[in-house]
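Trainee: This is the structure, below, for whatever I ask next.
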Amino acid sequence: MLVTDWGDLDHVNDLHMAIPGIIIGTQETWNPEHIPDETEMLHRISRLEYHDASGELLDIPTHASHSACFQWNQLITWLELDDGQGGVSTEILQTIPGLLPENERPDDAIRTLQDESQIPSLAESRLMLLRYLKHHITLDETSGHLLRVCARQIATIVAATGLQATANAAVLRIAIEGQRLLNQVGLRLAPMPESSTPCS
């Protein structure tokens, strides 16, 4: 198995984040479906790798993922809509869900985008993306609250576990803080109606 320290979309994958996946892959290769329940698998990994007697550590990132108002790949899409010359990358523009009517054939869509007069400006393209994401970006304040609760839960487990789990658990805390910052980026980029409540 090859695990690299590089990732798609210009980000670096911390190898500590790959540990649960490596263990799950090993288990499924060695003895497939022996542990059919994902929750039980995560509890076992929490105890084995992170020395968490409660077995709950890896439940926390799962809960935190539900608070992703704005994600890394969405930020990259927003950035890569710029073709590097102030214009719009039609290749990226075509990836925005909901951009074209569902009954429009892909070849028609490509022809439409290749027609220079039909291509929206960079600002319009980015606005289209943010409009599509609006209901995620404007999630209520429970998203920010949930991320803070998750960070506190990790700190509590690490305090009970001791130094053995500190390094690996620190990566989880950084990931949660990173998601909180991405939520803030989405909030800053998106045009907000006055009635919406941003995630924090």
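The values are calculated or read from the model by the stated rules, or taken from the named source; none is laboratory data. Every value quoted in this text rests on a predicted model; they were computed, and no experiment measured them. Don't worry about glycine lacking a Cβ; one is built from the backbone with ideal geometry, like all the others, and counts go over all protein chains shown.
Trainee: Pick from L9, L42, L15: which is at pLDDT below 80 and closer than 27 Å to V158 by Cα? Write out each step before concluding.
Mentor: Numbers: L9 fails: closer than 27 Å to V158 by Cα; L42 fails: at pLDDT below 80.
Being at pLDDT below 80 and closer than 27 Å to V158 by Cα holds for just one of L9, L42, L15, which is L15.
Trainee: Pick from the stretch 27-74 the residues that are touching a residue at least 12 places away in the same chain (Cβ under 8 Å) and more than 28 Å from G144 (Cβ to Cβ): which of them is farthest from the chain's Cα centre (by Cα)?
Mentor: Looking at the filtered set, the residue picked out is A53.
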